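Visitor: This is the structure I want to talk about, given as structure tokens.
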């Protein structure tokens, strides 16, 4: 297999993966009444932990005022809370609440719903081969991400 074929196979997989996952993610977001940007902040907090309000704005390319307003709406909905940073009282951190964590867990479950029927179509050997290959690609991509 040459580089072109390998690149095409990876891009084809990533495209269908993103379409199916994002479709379910957006459908779930709409069902909650939250925008995809609000859900993105909640997902970021889930994976990265407490984050400065300004970092949330940078993540979504919002102005400081826009980021503060979005965070305020999440706080009012009981999905996030703000607190002072322990080492600098001027810095405000955003945390998930229990309700926010539950919502994110439900979102992740919705995003992954399509995987179960997909895996059911594979033999045990195919699942093992796919798992090994995806773990290798993830490890290599993680190395690129940290350099």
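The values are calculated or read from the model by the stated rules, or taken from the named source; none is laboratory data. As the structure is a computational prediction, the values presented were derived from the model and not from experiment. Don't worry about glycine lacking a Cβ; one is built from the backbone with ideal geometry, like all the others, and counts go over all protein chains shown.
Visitor: Specify which of the listed residues (145, 72, 124, 106) is exposed (fewer than 13 other Cβ atoms within 10 Å of the Cβ) and either in contact with a strand residue (DSSP E or B) (Cβ under 8 Å, 6 or more places away or on another chain) or modelled with pLDDT of 90 or more (or both).
Guide: 124
Visitor: Now, a different point. Just one of 134, 60 is without any contact (Cβ under 8 Å) to a residue 40 or more places away in the chain, under 26 Å from residue 19 (Cα atoms) and assigned by TED's automatic domain parsing to the domain that holds residue 19; which is it?
Guide: Step by step, each of 134, 60 is checked, and only 60 is without any contact (Cβ under 8 Å) to a residue 40 or more places away in the chain, under 26 Å from residue 19 (Cα atoms) and assigned by TED's automatic domain parsing to the domain that holds residue 19.
Visitor: Please determine, by comparing only the residues of the stretch 54-98 that are part of a strand (DSSP E or B) and under 18 Å from the mean Cα position of the chain (by Cα), which one is nearest to residue 43 (Cα to Cα).
Guide: Taking the candidates together, the pick is 96.
Visitor: What about residue 65, is it within 26 Å of residue 26 (Cα to Cα) and surrounded by fewer than 13 Cβ atoms within 10 Å (Cβ to Cβ)?
Guide: yes
Visitor: Please indicate, with yes or no, whether at least one residue in the stretch 82-90 is out of contact with any helix residue (DSSP H, G or I) (no Cβ under 7 Å at 6 or more places or on another chain) and within 25 Å of residue 21 (Cβ to Cβ).
Guide: No - not one qualifying residue is present in the stretch 82-90.
Visitor: Just give me the residues in the stretch 93-102 being over 15 Å from residue 32 (Cβ atoms) and surrounded by 16 or more Cβ atoms within 10 Å (Cβ to Cβ), in sequence order.
Guide: 93, 94
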